[in-house]
Ligand code: ADP
Ligand code: AMP
């Protein structure tokens, strides 16, 4: 289908994918499909998937491909029929191939894959300082603090730290990223889909270069 935007945000944990996705989703009205959020919802509801995924998530390992692929493809069918913004998927070559096959089957294709590039040295500090509310609004204790400590600016809900955002789990998540997910950079580069943005700068500047990388027109003021 022409004009359909099918985007992937790729990058290590803490790179700022969720932060950029929130802006992109608001601007473009794209359905936002984040496998981490979907898995946490399953875990909170104690569904069979959530129960099985919980131990993997708590230790920073990846949930097995077959479970995550089924979850994500169902979600695309339900909410992403006319475009989507993926965050946290694919995370392995097997997931990338399954997504390609499903899109091909539906005569669809990816529009672009944006790599939010941030060196490892910065990621630990970003993740350990991350706080969020139950509504999914994300802050950072130093880089993006709420007006009133521990309380969400948007909905007044208390902020909490994700249980896998503690330093020892973060180290494992970064190791897993380099081993399992980083090869996807080459996978999408070879297909001419990869766009790199420097995620080290302040979030607003990252967003401006992301829009530029996607050749999106300047937002109206
Ligand atoms: P990801 O979704 O890639 O795991 P997040 O968007 O949740 O990453 O960002 C991780 C943490 O870093 C959050 O606390 C967020 O507020 C903060 N953050 C995001 N982008 C930036 C940035 N450009 N500079 C500094 N901190 C950032
Ligand atoms: P995230 O919210 O993207 O940081 O993901 C949190 C956790 O959910 C990860 O550390 C994994 O355990 C699990 N997870 C999320 N997305 C995937 C995926 N595509 N494949 C496997 N596990 C995933």
Quick check on this structure: which one of 156, 135 is more than 14 Å from residue 125 (Cα to Cα), more than 10 Å from ligand 1 (Cβ to nearest atom) and modelled with pLDDT under 95?
135
Out of the residues in the range 13-35 meeting the condition of being away from ligand 1 (no atom under 14 Å from the Cβ) and either closer than 11 Å to residue 86 by Cα or modelled with pLDDT of 95 or more (or both), tell me which one is surrounded by the most Cβ atoms within 10 Å (Cβ to Cβ).
30
Mind counting the residues in the range 127-144 that are within 13 Å of ligand 2 (Cβ to nearest atom) and within 19 Å of residue 199 (Cα to Cα)?
3
Please work out if residue 10 is closer than 19 Å to residue 103 by Cβ, within 12 Å of ligand 2 (Cβ to nearest atom), within 18 Å of the chain's Cα centre (by Cα) and crowded, with 22+ Cβ neighbours inside 10 Å.
yes
Just need a number here: residues in the range 69-90 that are over 18 Å from residue 41 (Cβ atoms) and touching a residue at least 40 places away in the same chain (Cβ under 8 Å).
3
Residues that are more than 16 Å from ligand 1 (Cβ to nearest atom), over 17 Å from the mean Cα position of the chain (by Cα), outside any helix (DSSP H, G or I) and loosely packed, with under 15 Cβ neighbours inside 10 Å: does the range 36-45 have at least one?
no
Out of the residues in the range 79-95 that are more than 10 Å from ligand 2 (Cβ to nearest atom) and crowded, with 20+ Cβ neighbours inside 10 Å, which is nearest to the chain's Cα centre (by Cα)?
85
Just to be sure I understand the filter: pairs with C-beta atoms under 8 Å, separated by 6 or more residues or on different chains, first member in the range 129-154 and without any contact (Cβ under 8 Å) to a residue 12 or more places away in the chain, second member in a strand (DSSP E or B) and surrounded by 15 or more Cβ atoms within 10 Å (Cβ to Cβ). Which pairs pass?
145/139
Within the range 179-200, how many residues are in a helix (DSSP H, G or I) and under 16 Å from the mean Cα position of the chain (by Cα)?
4
If a residue must be in contact with a helix residue (DSSP H, G or I) (Cβ under 7 Å, 6 or more places away or on another chain) and more than 24 Å from residue 169 (Cβ to Cβ), how many such residues does the range 33-75 contain?
2
Going through 127, 76 one at a time, which residue ends up being more than 14 Å from ligand 1 (Cβ to nearest atom) and crowded, with 16+ Cβ neighbours inside 10 Å?
76
Those residues of the range 15-35 which are out of contact with any strand residue (DSSP E or B) (no Cβ under 7 Å at 6 or more places or on another chain) and either within 13 Å of ligand 2 (Cβ to nearest atom) or assigned to a helix (DSSP H, G or I) (or both) amount to 22, 23, 26, 27, 28, 35
If residue 168 satisfies every condition in (1) closer than 20 Å to residue 9 by Cα; (2) part of a helix (DSSP H, G or I) but one, which is the exception?
(1)
Count - residues of the range 136-162 that are surrounded by 11 or more Cβ atoms within 10 Å (Cβ to Cβ) and not in a loop (DSSP other than H, G, I, E, B):
6
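The values are calculated or read from the model by the stated rules, or taken from the named source; none is laboratory data. For clarity, every value in this text was computed on a predicted model and none was experimentally measured. Ideal geometry is used to build each Cβ from the backbone, glycine not excepted, and the neighbour counts take in all protein chains shown.
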